[in-house]
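Have a look at the structure below, then the notes.
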Amino acid sequence: MRKLTKHDGGSDIPVEWPNVFVRERTTGPDPLAIAPREDAMGFLYDLAGFIGPEYFLLYVLIASRGQVERGRYESPPLQLVDVQIFIEEFRDFLANDARHEFWIGSTSNAGMLVYDDHGIIFAYGPLDDFERFLVARGLASGGFEIPAPHTHYFHALYDRCAARLLARWEWRRTALQRQDER
């Protein structure tokens, strides 16, 4: 299953990212935009080790299929092992469904990792450390573009998983922010 496809001559083709990263320039802190070909959840977990020791997760439910209310759901403070267990439990859902974004943040503001609904990781924090790690894992510095037009997929197979994810902890729910809306 894919979370994103591009349109090519009347057919949808799964998007495969080129295994690259690029430093983006923004009006705020500059992130690394990371487009891993595979195992984005593994990269998220490994990169989280650079921003600890205590974390929070933010599950941003952009599109609901009726099981749970759209919004931003913030976890209680967690240790890295809790983040690992969560990622392992919900790996397929987080990686293959586009109804959400998934963030891992440091409670000490050392960094933030954002896995967006296109399958791209935006890493804020110790960018030089992130870059060295990514190169050691076989990614190269280089650009990429999100294809246009493209389609996001919200798979019915994962509907129960979304509800189970939000039953995992006492999440603190807030409304979606303007930049979350699609």
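Observations, loosely collected:
- DSSP H segments from the chain that extend 15 Å or more along their own axis, Cα-based, with Kyte-Doolittle mean of -0.5 or above: 80-96
- Simple Cβ-charge dipole of segment 18-169, Lys/Arg +1 and Asp/Glu -1, about Cα centre, in debye nearest 20: 260 debye
- A dipole drawn for the chain from +1 and -1 charges on Cβ atoms has a positive end, and of L61, F90, H118 the residue lying farthest that way is L61.
- Seen from every direction in turn and averaged, the convex hull around the alpha carbons of segment 19-75 projects onto 5.8 nm².
- Area projected by the alpha carbon convex hull of the chain, averaged over all directions, nm²: 10.5 nm²
- Neighbourhood charge, 15 Å Cβ-Cβ cut-off, centred on R23 and excluding it, Lys, Arg +1 and Asp, Glu -1: -3
- Taking only the Cα atoms of segment 104-182, the radius of gyration and Dmax are 16.3, 40 Å.
- Pairs of alpha carbons in segment 70-148 whose separation is greater than 19 Å (percent): 48 percent
Where a number appears in this text, it was derived from the coordinates with a stated rule and is not lab data. This is a predicted model, so every value here is computed, not measured. Backbone-built Cβ (ideal geometry, glycine too); neighbour counts: all protein chains shown.
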